[in-house]
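The values are calculated or read from the model by the stated rules, or taken from the named source; none is laboratory data. What you are looking at is a predicted structure, and each value in this text was computed from that prediction instead of being measured. Note that each Cβ is placed from the backbone with ideal geometry, even for glycine, and that neighbours are counted across all protein chains shown. These area figures cover heavy atoms from the full protein model, side chains too; ligands, DNA and RNA do not enter into them. Shrake-Rupley method; radii C 1.70, N 1.55, O 1.52, S 1.80 Å.
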Amino acid sequence: MDNLSVTATRASGARVIRRTLVKDLPLNLVFFGPPGAGKGTQADRFAERHGIPKISTGDMLRKAVAEKTRVGALVRETLQAGALVGDDLIISLVAERLEEPDTANGFVLDGFPRTIPQAAALEAMLAERGGVHVIALVVHADEVIRRLAVRGREDDEAFVIKERLAVYSRETEPVLEFYRRRGGVTILDGNRPLDEVSAAIEAAAGKNPTSRK
Ligand code: ADP
């Protein structure tokens, strides 16, 4: 697939638009949606199918807690409470992970960005790397609660779920508006069966609007 990429650069103070024909742009994706939307499952499938890493901040943090690392000690209680860990910490974890060479052909981010400062930081990190295409899964609130109730993770107890959903509407939903304004977001109906959602994601990712810049 050929994609036309337009890059703005500065040469001797003047703004210059440089056009290059880029073959096979990296598949830089963010899977976005409320807890229980199926992001993690879809991100696993997509990453496997395309041979790119899935980067789940929730998994990274749970691993840190399980391994009792310094970061793990810092975030353990936050995770149990269903609150968000600090932007600075999570941004530096993701920045470090995106430096790994396995992300060169693309990656799927699951669970990041969750706040406007995180989204802004990600834009800066990827400015020279083709940006990111956001796939947002929209799921009804009662379906989210039903899915989380059957999942049974440690932070899936009823009162923690309630807190995580409240945090989602307060902190994370505005991120979708940020991306809507920026462009490069595809909104999909996540209420459908897994395979249907996977097929919709494949079709959307194929359009690769990361070439819009
Ligand atoms: P879910 O699958 O319910 O969306 P995750 O596995 O993505 O949950 O995240 C679990 C917990 O990890 C969150 O409730 C939060 O405490 C923490 N966490 C994960 N990603 C982030 C992030 N980008 N910013 C802040 N906290 C995060």
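Around Glu196, with a cut-off of 15 angstrom between Cβ atoms, what is the net charge of the other residues, counting Lys and Arg +1 and Asp and Glu -1? With Lys, Arg at +1 and Asp, Glu at -1, the neighbours total -2. Accessible surface area normalised per residue over the stretch 77-213 is 51 Å², counting heavy atoms of protein chains with a 1.4 Å rolling probe.
If R0 is taken as 41 Å, the Cβ-Cβ distance between Thr78 and Glu128 corresponds to a FRET efficiency of 0.80. Placing dummy labels 7 Å off each Cα toward the beta-carbon, the span from Ala203 to Glu173 is 2.7 nm. For the stretch 109-188, a simple Cβ point-charge model (Lys and Arg +1, Asp and Glu -1, everything else neutral) yields a dipole of about 200 debye relative to the Cα centre. Using a probe of 1.4 Å on the protein chains alone, the accessible area found for Thr69 is around 50 Å². Using only the alpha-carbon atoms, how far is helix 39-50 inclined from the longest principal axis of the chain? Give it as 0 to 90 degrees, nearest 10. Tilt relative to the chain: about 40 degrees. When the alpha carbon gyration tensor of the chain is reduced to an equivalent ellipsoid, the three semi-axes, largest first, read 30, 20, 16 Å. Largest accessible area first, the listed residues Ser56, Ser92 line up as Ser92, Ser56 when surface is computed with a 1.4 Å probe on the assembled protein chains. Largest mean-square fluctuation among Phe32, Phe107, Phe178, in a Gaussian network model of the chain whose springs join Cα atoms under 10 Å apart, belongs to Phe178. Just check the stretch 45-135 against the gyration tensor rule for me: Cα atoms, a ≥ b ≥ c as the square roots of the eigenvalues, rounded for a/c under 1.5, and otherwise prolate or oblate depending on whether a/b exceeds b/c. Because a/c hits 1.5 or more and a/b exceeds b/c, the stretch 45-135 counts as prolate. For helix 57-66, what angle does its Cα long axis make with the longest principal axis of the chain, in degrees from 0 to 90 and rounded to 10? Tilt relative to the chain: about 50 degrees. Here is the list for the stretch 142-196: GluC sites (Glu not before Pro) lying in DSSP coil, each with at most 16 other C-beta atoms within 10 angstrom of its C-beta, are Glu157. Evaluated with a Cβ-only charge set (Lys, Arg +1; Asp, Glu -1), the chain carries a dipole of roughly 700 debye about its Cα centre, given to the nearest 20. In plain terms, the chain from Ile116 to Ala149 could stretch by 9.1 nm, reckoned as 0.36 nm per residue minus the Cα-Cα distance.
Rounding to the nearest 10 and keeping the result within 0 to 90°, find how far the Cα-based axis of helix 87-98 lies from the longest principal axis of the chain. So the inclination is approximately 60 degrees.
Toward the positive end of the charge dipole of the stretch 24-166, about the Cα centre and with charges on Cβ (Lys, Arg +1; Asp, Glu -1), which of Gln80, Thr57, Ala43 goes farthest? Checking the options against the dipole of the stretch 24-166, the answer is Gln80.
Once neighbouring chains are kept in place and the probe is 1.4 Å, which whole percent of the accessible area of the chain is contributed by carbon and sulfur? With neighbouring chains kept in place, the figure for the chain is 54 percent. Annotation: amide H-H contacts under 5 Å for Ser56 (H modelled 1.01 Å from N, sequence separation of 5 or more, or interchain): Asp110. The number of Lys pairs in the chain with C-alpha atoms less than 24 Å apart, excluding pairs fewer than 8 positions apart on the same chain, is 12.
Among Gly184, Gly51, Gly36, the largest mean-square fluctuation in a Gaussian network model of the chain (Cα springs under 10 Å) belongs to Gly51.
Figure note: Tyr179, Tyr168 ranked by solvent-accessible area, largest first, 1.4 Å probe, ligands and nucleic acids not counted: Tyr168, Tyr179. In this rough spin-label picture, where each label sits 7 Å from Cα along the Cβ direction, the Thr41-Asp189 distance is 1.7 nm.
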